[in-house]
Amino acid sequence: MSVEASHMTIPISADRTRRGSLRLRLPKVPRSVLLSTLTVAVLLAGWAIVTERGWANELFLPKPQAVWAAFVKTMTKGYQGATLLQHLGASLYRILTAFTLACLIGIPLGVIMGVSRNARALLNPLIEFYRPLPPLGLYTLLVMWLGIGESSKLSLLFLAGLPGIVISTIQAVTSVDPVYVRAAQSLGATRRHLLFHVYLPAAGPLILAGMRISLGFTYTVLVAAEIVAASAGIGWMIWDAAKFLLSDIVIMGLIVLGLTGVVLDLIMRGIAKLLMPWA
Amino acid sequence: MMKRLIATLAVTTLALTAAARAEDKPAKVTVGYLNLVNAQLVTKHLGLLAKEMPGVDIKYVKIGGGGDMLRAIAGNDVDFGGLGNPPTAIGATRALPIKGILVINMLDYVESMVVRIDKNITSLKDFKGKTVAAPFGSTTHYLLLQALKDEGVDPASMKILDLAPSDIAAAWLRGDIDAAWFWEPNLGKTVKSGGKILVTSGEMAKRGYPTWDIGVVMNAFAEKYPSYVDKFIKAECDGIEFWLKNPEKTAEIIAEELSLPIEDAQRMMKGTGMVPCNEQLTEEYLGTSAKKGKFVDTLVSTADFLVKQERLPKLLPRADFEAFIQPAYLEKVIGR
C-alpha cells in the first residue's frame, strides 16, 4: 500500500514545484500533516497563553505543565492504587471485549437481515426501536439486572456498539451489485458460495466503515459505564478526580482517552487495508 | 439655569439610587440541598424562604452527594448549598468561592455502616476479602477509611467500591455488596433486608471524628446581596426551630418529602443532630467571628487526611480554613 501511496504523491508534488519556482521544497511532509500540526500547535499555544496570563482560573483550566506533571505522576506512582497504564488496560479490556462481542453478533445479524427480506421484517422493529435509545437510559436497568460488576459495564458498551454495526452491515449487504450475485448464481454458486465469495468481499469495506463508527460509539459511553462501582479505568479515574476537583487529572485523562481513540481508529484502518486491499 | 441643572442632577441621583436599590434584590435564588434528613426539608416544605424573600423566584435543586454539590458550586449553578466536612475541606483547599455560614446538621446514626447479617461480620477485622461500598469523597467514605486505619485494617485487603447512595441500596438488594457506610433515607432499606448496623457516624464523632454538613453561600452572591444571606439564615433557623419544637409535625413533613412511612421518618430524625442557631456560635460548632470554633479543627484534620490519601495536593494553613467559616451573618441574624 505504501508503495502505491508514494506513487500517487510524487507526480503531484513534482507538478507543483514545476509550476511555482519560489515554492519551498518540502515535498516529504504532506500539506495536510502540516495543517493538522498547525491546529494542534495553535491550541497548545492558546492554552499556555491563557493560563500563563492568569486569564483562566487554575481550578478549571490548569497549566499545560501541571497536566504534564499529572501525567508523569500517574504513569509512575499511579492514581488511587493503579498506574495510568493499568487504568488504560482496564478500559481497553472493557472496550475491546464489548466491541468484539458487538462485531461477532452484529455482523452475522446484519448479513442475515441484509440477505433475507423475511429476517429483516422480523427483526427490524426491534432494531429500529432500540437504535435511538440513549444507552445511558438503559444503564440503570442493566445495573439492576446484572449487578454492579463487569457484566453490566460490558453490556452497556456492547449495546452502544451493536446498532451501528448491524445497520451498516445491512446497508453494505443490500448495496452489493445484483449483477455480481446473478453472475455467480449462473456459474452455479450455492448460498454458501454467495455469502463468502460475493456478499462478504463486496460488502466488506462498508462493514468495516460501520465497525469504525461502532467502535467510536462504544468509546463515547466509556466514562458513563465506569461511573458505577469501578475502581480502575480511565473513565473512572476522570470521574473520581472530578469529585475531588483534580482538574489536572481530569484533563490528562481526557487527552489520554482522545489519543487512545485516535490510535484505535488507526489500527482499525490498518486492519481494513490488510484484509481488504481492494477497497 | 442653575435650578434646572440641580433638578436634573437630583433626578439622576434618584434614578441611580433606585437602580442600585433594585439591584439589591436578586431575581432568582437557587438553593442546592443534599438528599438528607434535616431541617432544610422543613424550611422548603413550609416555604419559609419564600416568606423571607417575597417576590424572589426561589428554586430548590436536590443534589445527590458532596461530589455533585462541589461540581454544582464550581459550575456556579447554585447560590446556596450544603456540604459535608470532606467536600468542604476539598472546596476550601481548591479555593472554591464559597463561605460556610450555618450548621445544617450534625451526623449521628442517620449515617451508619451496615453489614450483612449472614456474613458474620462483627468487627472491621472481618472485612478482609469482602466488598464494601461508600460514596467516595463523602463523610462516610472519610469515616470508613479513618475507622479502618484506627483498627489497623489494610483497605487494600478488601474491595472498596464507589457507589451513589441509591445505587448502594440497589446493589445491596441484589446481594452484590457485603457492607456499606452511607445515609438515610436509603440506609433503612438495607437494614430491613438482612442488614445490621455495625458502627454509626455518631460513635465516630465520640472517637474524635465528628461529621457534619455546613450551609455555604457563593461569595459573589454574598457580596452582591448580603441582606439575602441573612434572610436565608433566618429561614433556615426558623426551620430548625420548628424541627426542635414540633417533632410530630416535622416527622409528617419528612415522611411526605421523602415518601417514607412516618415511623421511618421519626427514626431518621432522631439520628440527625439539629443545632439551634444561637448554639451554633459556641466553641463546639462555628464559634464567633473573633474566635472560630471546632469546625475549623475538623476541617484541618479532614484536609490533612485527604492529603495523605492523595485526594488533595497540599494542606493549607489553618488561617485559610478559619477564613472559610463566616459566623458574621449568623451573628447579625441572632443579634450579637
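The values are calculated or read from the model by the stated rules, or taken from the named source; none is laboratory data. Treat the numbers as computed from the prediction; the structure is a model and nothing was measured. Counting neighbours? That spans all protein chains shown, and the Cβs are built from the backbone with ideal geometry, glycine included. Heads up: the accessible areas ignore ligands, DNA and RNA and are worked out on the full protein's heavy atoms, side chains in. Shrake-Rupley method; radii C 1.70, N 1.55, O 1.52, S 1.80 Å.
A few comments on the model shown:
- Across peptide A:58-69, the average count of Cβ atoms from other chains found within 10 Å of a residue's Cβ is 1.
- Per the accessible-area calculation with a 1.4 Å probe, the total area buried between chain B and chain A rounds to 2100 Å².
- Unsatisfied cross-links (Cα-Cα over 31 Å) in the set B:Lys130/B:Lys308; B:Lys192/B:Lys249; B:Lys62/B:Lys192; B:Lys159/B:Lys196; B:Lys62/B:Lys196; B:Lys44/B:Lys159: B:Lys44/B:Lys159
- For chain A, the number of Lys pairs separated by eight or more positions or lying on different chains, with C-alpha atoms closer than 24 Å, is 7.
- Accessible area per residue, Å², the stretch A:36-185 with all protein chains present, probe 1.4 Å: 55 Å²
- Local electrostatic count, B:Glu203, Cβ distance below 12 Å [Lys/Arg +1, Asp/Glu -1]: -1
- Cα-based Rg / Dmax (Å) for the stretch A:214-262: 10.6, 32
- Accessible solvent surface per residue of the stretch B:207-336, calculated while the other protein chains remain in place, 1.4 angstrom probe, Å²: 45 Å²
- Over the protein assembly as shown, DSSP H runs of length four or greater, each weighted -39,500 (n - 2.57), average out per residue to a 222 nm ellipticity of -19500 deg cm²/dmol.
- Carbon plus sulfur fraction of accessible area for chain B, probe 1.4 Å, in percent: 55 percent
- Rounded percent of accessible protein surface that carbon and sulfur make up, the stretch A:105-178, 1.4 Å probe: 71 percent
- Charge sum, other residues only, whose C-beta stays under 15 Å from A:Ile167's C-beta, Lys/Arg counted +1 and Asp/Glu -1: +2
- Ranked by the mean number of other Cβ atoms within 10 Å per residue, highest first, peptides A:234-241, A:197-204 order as A:234-241, A:197-204.
- Only aspartates and glutamates eight or more places from B:Lys128 in sequence, or on another chain, were considered; those with a Cα closer than 17 Å are B:Asp118, B:Asp150, B:Glu151, B:Asp154, B:Asp176, B:Asp178.
- The alpha-carbon of B:Lys291 sits under 18 angstrom from the alpha-carbons of these lysines, leaving out residues fewer than 8 places away in its chain: B:Lys99, B:Lys332.
- For chain B, the normalised intensity computed at q = 0.09, 0.11 Å⁻¹ comes to -0.50, -0.71 (log10 of I(q)/I(0), Debye sum over alpha carbons, equal scatterers, no solvent).
- Size descriptors for the protein assembly as shown, from the alpha-carbon set: Rg then Dmax equal 30.8, 110 Å.
- Summed residue charge, Cβ within 14 Å of A:Gly78's Cβ, Lys/Arg positive, Asp/Glu negative: +1
- Expected-Rg normalisation [2.2 N^0.38 Å, Cα atoms] applied to the stretch B:157-300: 1.26
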